[in-house]
Amino acid sequence: MQKSDFKKISNYLWEIPKDFRQDMKVPARFYVSEKSIEDIFRDKSINQLVNVATLSGIVNYSLAMPDMHEGYGFPIGGVAAVDLTSGVISPGGVGYDINCGMRVLKSDYLEKDIKPHLEKLATEIQKDVPSGLGRGRNIKLDLNSINKILEGGVQKLVEQGYGEKEDLENCESQGRISLADSLTVSDHAKNRGRDQLGTLGSGNHFLEIQKVEEIFDQETAEVFGLFKDQIVIMIHTGSRGLGHQIATDYIKIMMGAMRKYNVNLPDRELAACPISSNEGQRYLRAMACGANYAWSNRQMISFFIKKAWKSVLGEKSLPLVLLYDVAHNIAKIEKHIISGREMELCVHRKGSTRAFPPGHPEIPKKYQKIGQPVLIPGSMGTASYILAGQREGKEAFFSTCHGAGRAMSRKEATRRISGQEVKKRLESKGILVKCWSFKGIAEEAPMAYKDIDDVVETVHSAGLSKKVTKLIPLAVIKGE
Amino acid sequence: MKKYEIIDHKTDLKIKSFAKTKKDIFSNMLVAMTESMKPRFGKKREKVTREIKIKSEDFKTLLVDFLNEVLYLSQTNREVYFDINFKKFSEDELRAEVSGQKINRFNEDIKAATFHNLEIEKERGVWQSTVLFDI
């Protein structure tokens, strides 16, 4: 494949026509700026995007966001919407970390109010939110309690006192996909989740205490409750071992069942079954359980952060309030207008964030006029962004990017820089680093990632979501 | 002959293992995965043994299923395994005992062994297998 195979649709959108390969059912489209277009040849993500275009029932296009890179079957940053009646569902289109996603808690404090307490706050949060790789949480839930979380999600936790009613309103799907059926989840998966609720994980998962550095859209920022120099906390994690096991289980199940349904695919990691089949329906319900667990995980982490917040700043301190929580690895049943007709679609977003426009019924009332908050993490120690969904995102099934995307392997990063050096460089910029492994810090060094500013500029200019604020970290926290 | 090597990969963990026999592909990949989890041991080195039974579609799938089962046992029991004793071993089925030790923590979180670009082949009398792990 080469650049001449691409049709330029706009300054930020390119297409590989359907006749590029015989088995494509729709064209493949990707969002990338002209200056970054050569980068997409660095790995096989563009071929994977063409493979996605071969899925049965796929509607309009297979799509990729500007932070795309090679994944398993699907590229990371890939979006595929399939017809609910004739289409297939693919665990590879969701990924191993089901409902990996973002959450932002906002405070009413300014940087100058928190700065004197920053060290203590970061230490306390690190202690209260473990990675889960060492000691898990001290509580090991029984299978019955796990089932309640899988089916009840954040709603169950709020009933039990682990949050407020408004946490539900400010979470995608109110923190619960009602399709979830715990009978479709293996005991293996449940066992992996028993002591991991409220744990961060490792790799690129993080907690950051950030400040609002820049406001691009004052009106929208005000509705989101954001102001200059405000302190916010960003959480990036997912469904932990439970979600990984659901993916492992169903990739195996679907690989075995594909022949039965005459599903032929160019890559076995794309493994997919008709949504209407027994296997498809069971995966949809199991994936919903994984998604509910991930929202619950971020809810419990928020609970422990709020506890640390109060213990450091005092019982009478101003509270942390949930701005929004949104997934970037998920498949959702959504209604979209296709050629003037409303259709029910299963939208796979793998490394892509939902970005519903103003007026969409599935976003909180208070955000109706301006669109859904979109939370985009930078790599460790670099800027993150809050954006808002736009009507122009229709062509992408209201999807946008999910982060910076890796540009360098972990090994290469550790070869180039030590963890101590990364910590020193970040601290020289006034960023506090709380970590348990210097190697982990080196692997996640900012230089190992693509430029987040370019990725965000592309989705902003392409109309997928508009920039609202830029956040910069004051403290990076990786669990113990 | 070295048991395995780590191949540079942009986002994940790619391991290539070398073996004289088909059984050793499994043993060497087991050691490679265990070492990649970077376990930290406690003062007390408590020994453990676990039974594994797997039935798969074919030989390649058997390897991935085996690694995922070991991963499950490691993470839920906080143990790692270095040795394997086969009771049954065929193209699509295995029964075995893995043994190792309790640990205090992992320093690497492996999410899963995947089928992505999975390879098992014999070259000049040496079995070589490549597995990509999602981390």
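Every number in this text was worked out from the coordinates using simple rules, so none of it is lab data. A quick note: this is a predicted structure, and the numbers were derived from the prediction, not measured. Note that each Cβ is placed from the backbone with ideal geometry, even for glycine, and that neighbours are counted across all protein chains shown.
Quick notes on this structure:
- 0 to 90° range, to nearest 10: angle between helix A:118-128 axis and chain A longest Cα axis: 60 degrees
- Trypsin sites (Lys or Arg not before Pro), loop per DSSP, at most 13 other Cβ atoms within 10 Å - longest free stretch of chain B: B:46-123
- Against chain A, whose longest principal axis is taken from its Cα atoms, helix A:278-313 shows a tilt of about 20°.
- Once the Cα-Cα distance is subtracted from the 0.36 nm per residue extended length, the A:Met447 to A:His117 segment shows a gain of 115.9 nm.
- Treating each Cα of the protein assembly as shown as one equal point scatterer and applying the Debye formula with no solvent, the log10 of I(q)/I(0) at q = 0.06, 0.09, 0.12 Å⁻¹ comes out as -0.29, -0.67, -1.27.
- Members of A:Lys8/A:Lys35; B:Lys14/B:Lys38; A:Lys44/B:Lys60 lying beyond 18 Å, as alpha-carbon distances in this model show: A:Lys44/B:Lys60
- Counting Cβ atoms of other protein chains within 10 Å of each Cβ in A:402-411 and taking the mean gives 3.
- Calculated [θ] (222 nm, deg cm²/dmol) that DSSP helices of n ≥ 4 give over chain B, each run adding -39,500 (n - 2.57): -8500 deg cm²/dmol
- Distance cut-off 22 Å, percentage of C-alpha pairs in the range B:4-134 lying past it: 32 percent
- Cleavage-rule hits, trypsin sites (Lys or Arg not before Pro), the range A:391-432, DSSP coil, Cβ neighbours within 10 Å at most 15: A:Lys429
- Each residue of the range A:408-423 was assigned a 3J(HN,Hα) from its phi angle through the Karplus expression (A = 6.51, B = -1.76, C = 1.60, θ = phi - 60°), giving 9, 5, 4, 4, 4, 4, 5, 5, 7, 8, 8, x, 4, 5, 4, 4 Hz with x at Gly and Pro.
- Counts of other chain beta carbons within 10 angstrom of each beta carbon in peptide A:201-210 average 2.
- Listed by chain and number, the lysines whose C-alpha is less than 22 Å from the C-alpha of A:Lys429, apart from same-chain residues fewer than 8 away, are A:Lys112, A:Lys115, A:Lys120, A:Lys211, A:Lys228, A:Lys439, A:Lys450, A:Lys470, A:Lys478.
- Partner lysines for A:Lys190 [C-alpha distance under 16 Å; skip if fewer than 8 residues away on the same chain]: A:Lys140, A:Lys148, B:Lys111
- Nonlocal amide H pairs with A:Thr54, under 5 Å, H built at 1.01 Å: A:Lys25
- Degrees between helix A:452-461 axis and first principal axis of chain A (Cα, 0 to 90, nearest 10): 60 degrees
- Alpha-carbon centroids, the range A:437-480 and the range A:1-60: separation in whole Å: 25 Å
- Note, ³J(HN,Hα) from phi for the range A:179-188, Karplus 6.51, -1.76, 1.60, rounded to Hz, x at Gly and Pro: 5, 3, 9, 5, 5, 8, 9, 5, 5, 4
- Estimated dipole of the range A:110-242 in Debye, rounded to 20 [Cβ of Lys and Arg +1, of Asp and Glu -1, Cα centre]: 900 debye
- Mean-position separation - Cα centroids, the range A:375-417 and the range A:143-165, in angstrom: 30 Å
- The relative contact order of the range B:4-134, computed from alpha carbon pairs under 8 Å that lie at least 6 residues apart in sequence, is 33 percent.
- Annotation for the range B:32-123: GluC sites (Glu not before Pro) lying in DSSP loop with at most 14 further Cβ atoms inside 10 Å of their Cβ are B:Glu46, B:Glu57, B:Glu91.
- Taking a straight Cα-Cα cut-off under 15 Å and skipping sequence neighbours fewer than 8 places away in the same chain, the aspartates and glutamates within cross-link reach of A:Lys350 are A:Asp67, A:Glu70, A:Asp97, A:Glu269, B:Asp134.
- Euclidean distance between Cα centres, the range B:1-79 to the range A:224-278, Å: 23 Å
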